[in-house]
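Enquirer: Take a look at this one; I'll ask things after.
Nothing in this text is a laboratory measurement; each read-out follows from the coordinates by a stated rule. Since the model is a prediction, treat every value here as computed from it, not as a measurement. Counting neighbours? That spans all protein chains shown, and the Cβs are built from the backbone with ideal geometry, glycine included.
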Amino acid sequence: MNPIITEIFQADFLTVQEADLVYSKLKHSSLSKGAFLLKAQDKVDELFYVHTGCLRSYIIDLEGKEHILQFAVKGWWISDYIALYGRKKMNAVSYIECIKEADIYSIAKSDFDLVCREIPKVAFFHFRKMELAFASFQNRILENLTLSAKERYINFVSTYPSIAQDVKNYHIASYLGITTESLSRIRKEIASS
């Protein structure tokens, strides 16, 4: 079985024929740092699996300030989910930028839907991944509503240590919804504790 299929599904539950079908629908790409996978207003019809590297998804508000929605590292999926799954058909609302050189695999949503119909095990796997992602997004909202900036930073670093090492301070600050100055103060506070 192809190693990327084993990596994506974290198991060997597919037959060789099923794995071949999935692999035939994947497209490999390499991205350099600073390259964009998507920009706001682009048409969105693919899901992206991160094999190596680090990407970030963000929006820019009316004042020009960036707000990071998601990071994606090895083993994670990323796309503009509002455009891809939203009730009304729309183009991307976010940007997806490579912040550490990356290898990704993409699959068209139409091909992915076909694979899910043909191989229910893939649909179930995807369903479980989406449940975990939804819980993670909801947890992030709750943390932003209930925790201090320092507590959010500590949770971020302990939950995502590899991301914290790969991204710049202003990316972490944006993700946490704080200024870079506040992040520096929090780090100094933690270091002196």
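Enquirer: Per DSSP helix of 4 or more residues, -39500 (n - 2.57); summed, then divided by the residues of the chain. What does that give at 222 nm, rounded to the nearest 500?
Expert: -15000 deg cm²/dmol
Enquirer: Quick one: longest stretch of the chain between exposed loop trypsin sites (Lys or Arg not before Pro), exposed meaning at most 15 other C-beta atoms within 10 Å and loop per DSSP?
Expert: Details: sites that count: Lys33, Lys39, Lys43, Lys65, Lys74, Arg87, Lys88, Lys89, Lys168.
With trypsin sites (Lys or Arg not before Pro) excluded where exposed in loops, the chain gives 90-167 as its longest stretch.
Enquirer: In the range 104-135, which residues have a backbone nitrogen under 18 Å from the label point lying 7 Å from Ser24's Cα in the Cα-to-Cβ direction?
Expert: 106-123
Enquirer: How large is the dipole of the chain about the Cα centre if only Lys and Arg carry +1 and Asp and Glu carry -1, each at its Cβ, rounded to the nearest 20 debye?
Expert: The dipole of the chain has a size of about 400 debye.
Enquirer: May I pose another question? Report the one residue of Val44, Tyr81, Phe137 whose Cα lies farthest in the direction of the positive end of the charge dipole of the chain (charges on C-beta: Lys and Arg +1, Asp and Glu -1; origin at the Cα centre).
Expert: Checked the options; the winner is Phe137.
Enquirer: Provide, for q = 0.17, 0.18 Å⁻¹, the log10 of I(q)/I(0) from a solvent-free Debye sum over equal Cα point scatterers in the range 1-86.
Expert: Debye curve over Cα of the range 1-86, log10 I(q)/I(0) at q = 0.17, 0.18 Å⁻¹: -0.82, -0.90.
Enquirer: While we're on this one: Using +1 at the C-beta of Lys and Arg and -1 at the C-beta of Asp and Glu, which of Leu176, Ser94, Ile4 has the Cα lying farthest in the positive direction of the dipole of the chain?
Expert: Highest projection toward the positive end goes to Leu176.
Enquirer: A follow-up question, please. Less than 14 Å Cβ to Cβ from Asp113, Lys/Arg counted +1 and Asp/Glu -1: what total charge do the surrounding residues give?
Expert: Neighbourhood net charge equals -1.
Enquirer: Which entry in (1) 35, 19, 16; (2) 24, 18, 17; (3) 32, 19, 16 matches semi-axes √(5λ) of the Cα gyration tensor in Å derived from the coordinates of this structure?
Expert: For semi-axes √(5λ) of the Cα gyration tensor in Å, the calculated option is (3).
Enquirer: So who's got an amide H within less than 5 Å of the one on Leu38, skipping anything under 5 residues away but keeping other chains? H placed 1.01 Å off N, in plane.
Expert: Ile96
Enquirer: Using Cα springs under 10 Å in a Gaussian network model of the chain, which residue among Thr180, Thr52, Thr159 shows the largest mean-square fluctuation?
Expert: Fluctuation is largest for Thr159.
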